[in-house]
Amino acid sequence: QVRLVESGGGLVQPGGSLRLSCAASGSIFSINVMGWYRQAPGKERELVAAITSGGRTNYADSVKGRFTISRDNAKNTVYLQMNSLKPEDTAVYYCNAEAVINYWGQGTQVTVSS
């Protein structure tokens, strides 16, 4: 079992920044990839960014150049630094850990609005 706890969401103005954190506990040795997904009202959940255990990253085209995913293996934590935020980034952001099965965090709301 893997437990994921997210933090760092909130309300920010367009052009602002936020950093999301996802702390993993439990059977973390089984995790291959960790990532962030988001789901806006009325839309399907989509991949935002992912990072492998070896540090390889992957980003959605809509966030390339603005968001950065990173991980601190000593703290078993993955971060999503979000810069130049836009209203269309508004969504619930979920942390995901891919092992034999997928694990999900509870989600954290990010609202970009003036």
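The values are calculated or read from the model by the stated rules, or taken from the named source; none is laboratory data. All of these numbers come straight from a predicted model, not from anything done at the bench. These accessible areas exclude ligands, DNA and RNA; they are computed on the full protein's heavy atoms, side chains included. Shrake-Rupley method; radii C 1.70, N 1.55, O 1.52, S 1.80 Å.
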Would you check which residues across the range 68-114 are farther than 22 Å from Leu11 by Cα, of a type in the set (A, V, I, L, M, F, W, C) and within 16 Å of the chain's Cα centre (by Cα) and list them? Ala97, Trp104
May I ask you to list the residues in the range 79-107 that are closer than 16 Å to Glu44 by Cα and either open to solvent by 20 Å² or more (accessible area, probe 1.4 Å) or not aromatic (Phe, Trp, Tyr) (or both)? Glu88, Asp89, Thr90, Ala91, Val92, Tyr94, Cys95, Asn96, Trp104, Gly107
